[in-house]
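Some notes on the structure that comes next.
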Amino acid sequence: MDFRSEIEALSGQNANLCFQCSKCSAGCPMAEMMDIKPAQIMHNIRLNRKEAVLNSTAIWLCVGCETCSARCPQGVEPAAAMNSARLMAMKEGVPPRVREVAIYYRGFVDNMRLNGKIHDASVAGITQLLTGQLVDNLPLAWNLFKRGRVKMPPLPFRGSKFRKVYQKAFEIEQGSQQ
Ligand code: SF4
Ligand code: SF4
């Protein structure tokens, strides 16, 4: 299966429907920071340009707000395509162009596995630690803590149910790749 077919199958989108009006890019709150805008992502998918899509910052900077999908006159969902491309990049071990986001995702899943739910401060703290920004943000963290905005992590850790779901999903995923 070629790149375009894989993304279409994963995301449920038909890249051919996109007629490059760029309404998605115009509404995207992250477009200014992206190297390839949402409309260009769709164009590259259509042209089977896997390298360009998987190595873009766009697939990591997309915050999944779905403004692009809501604006598309063709009913195309660039948000779903972005998500699928990001998953593909992770599966294929393509180095993330925005390392902080990849670290955040990893921390998010690990936190779920540990606690069974998200503890925001832990995810933020681990992300900042691993990206070398912890010291800079300590005053802010302390202020939030003093105002009661940072809760202590849940104890005892209760991630066993989520770990089972995660393990099951992992096995299904492995099975589908054999
Ligand atoms: S809004 Fe829809 S049709 Fe227009 S460029 Fe974006 S995906 Fe393509
Ligand atoms: S879902 Fe992603 S690509 Fe679409 S508008 Fe939001 S940030 Fe931009």
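The condition of being modelled with pLDDT of 80 or more, more than 18 Å from TYR104 (Cβ to Cβ) and not small (Gly, Ala, Ser) holds for VAL165. Looking across region 85-101, the residues that are assigned to a helix (DSSP H, G or I), under 18 Å from ASP35 (Cα atoms) and in contact with a helix residue (DSSP H, G or I) (Cβ under 7 Å, 6 or more places away or on another chain) come down to ALA85, ARG86, ALA89, GLU100, VAL101. Per this entry, SER56 is not counted among residues that are polar (S, T, N, Q) and closer than 23 Å to VAL165 by Cβ. Restricted to region 51-65, and to residues there that are in a loop (DSSP other than H, G, I, E, B) and under 16 Å from ARG99 (Cα atoms), the residue that is nearest to ligand 1 (Cβ to nearest atom) is CYS62. The one condition from (1) touching a residue at least 12 places away in the same chain (Cβ under 8 Å); (2) more than 16 Å from CYS21 (Cβ to Cβ) that LYS91 does not meet is (1). Here GLY148 meets the list (1) touching a Leu at 6+ places or on another chain (Cβ under 8 Å); (2) loosely packed, with under 12 Cβ neighbours inside 10 Å; (3) free of Cβ contacts under 8 Å to residues at least 24 places away in the same chain almost entirely, failing just condition (1). For region 41-65, how many residues meet the condition of being over 13 Å from SER84 (Cβ atoms), in contact (Cβ under 8 Å) with a residue 24 or more places away in the chain and of a type outside the set (A, V, I, L, M)? The qualifying residues number 9.
The values are calculated or read from the model by the stated rules, or taken from the named source; none is laboratory data. Everything numeric in this text was worked out from a predicted model, so none of it was measured. FYI the Cβ positions are ideal-geometry reconstructions off the backbone, even for glycines, and counts take in every protein chain you see.
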